[in-house]
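Attaching a single structure in structure tokens format; questions to follow.
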Amino acid sequence: MESARFGRRFLLGFSPALLVAVAFLVYPVYVIRPFRRQGPGELLVALTAIRYRPLVEAVCVLAAAGAFVWYWRRERRKFRRAVSAVGVLAVLAVALLSRINIYELMFHPIDRPAFAAIRDTRLDSDERVIAVKLGGAARAYPIRGMSYHHVVNDTLGGVPIVATY
């Protein structure tokens, strides 16, 4: 009976740490995902979560570890101890994942763009482009083609440029 009480107390200390850690990892990714319109309020919340995420995740790991240490000293059954250890490792894993900027992994610059003459292209009439003219040279970078990169490193008229939006 006492062991069950300890288990409930551990869950009361551990569960909020896990839920908050997961929320601070998932919510900004959900809101700031590509091609999704963000409202100003939800974007502000997501950016604030990103700003304070390292501190919040550290507090969550410490809270989960504290609950684990408390539980470990009171619980004698090895299986329950192991399950509680896995739970703390899950909070730690979420905290470590939150340190990875998935958008840096997804959106990498185009370093060697390929071009075709305008007569050889098939752009829609409403296609938006970034047009750059430098000296006698000109290029058009279709926004749709740049949507997963956001940056094109190029040389135009012998001058290195960066086209971005």
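Determine the dipole magnitude for the stretch 1-109: charges of +1 sit on the beta-carbon of Lys and Arg, -1 on that of Asp and Glu, nothing else is charged, the reference point is the Cα centre, and the result goes in debye to the nearest 20.
540
When ranked by the protection proxy of mean other Cβ atoms within 10 Å per residue, highest first, what sequence do the peptides 39-50, 17-28 form?
17-28, 39-50
Follow-up. Pick out, from PRO142, PRO40, GLY87, the residue whose Cα sits farthest towards the positive end of the charge dipole of the chain, with +1 on the Cβ of Lys and Arg and -1 on the Cβ of Asp and Glu.
Toward the positive end, the furthest listed residue is GLY87.
Once you have the Cα-Cα distance between ILE118 and PHE79, take 0.36 nm times their residue separation minus that, and quote the gain in nm to one decimal.
7.3 nm
Under a plain spin-label model, where a point goes 7 Å from the Cα along Cα-to-Cβ, how far apart in nm are VAL151 and ARG36?
Going from the VAL151 label point to the ARG36 one covers 2.4 nm.
Once you sort the root eigenvalues of the Cα gyration tensor of the stretch 118-164 as a ≥ b ≥ c, which label holds: rounded (a/c under 1.5), prolate (a/b larger than b/c) or oblate (the other case)?
Oblate is the answer for the stretch 118-164, as a/c is 1.5 or above yet b/c matches or exceeds a/b.
Could you give the size of the charge dipole of the stretch 71-165 about its Cα centre, using +1 on the Cβ of each K and R and -1 on the Cβ of each D and E, expressed in debye and rounded to the nearest 20?
Taking the Cα centre of the stretch 71-165 as origin, the dipole is about 1200 debye.
Which one is right for this structure if percent of Cα pairs over 27 Å apart is calculated from it: (i) 36; (ii) 51; (iii) 25?
After the calculation, the listed value that fits is (ii).
Here's something else I'd like to know. Looking at the square roots a ≥ b ≥ c of the eigenvalues of the Cα gyration tensor of the stretch 76-165, which shape do they give, rounded for a/c under 1.5, prolate if a/b is larger than b/c, or oblate?
In terms of gyration-tensor shape, prolate.
Measure nothing fancy, just the Cα-based angle from helix 78-97's long axis to the longest principal axis of the chain, in degrees from 0 to 90, nearest 10.
Roughly 20 degrees between the two axes.
Ok, one more. Helix 2-31 sits at what angle to the longest principal axis of the chain, using alpha carbons and giving 0 to 90 degrees rounded to 10?
Helix 2-31 and the main axis of the chain meet at about 10 degrees.
Each reported figure results from applying straightforward, stated rules to the coordinates on display, with no laboratory input. Just so it is clear, the structure is predicted and the values come from calculations on it, not from any experiment. Don't worry about glycine lacking a Cβ; one is built from the backbone with ideal geometry, like all the others, and counts go over all protein chains shown.
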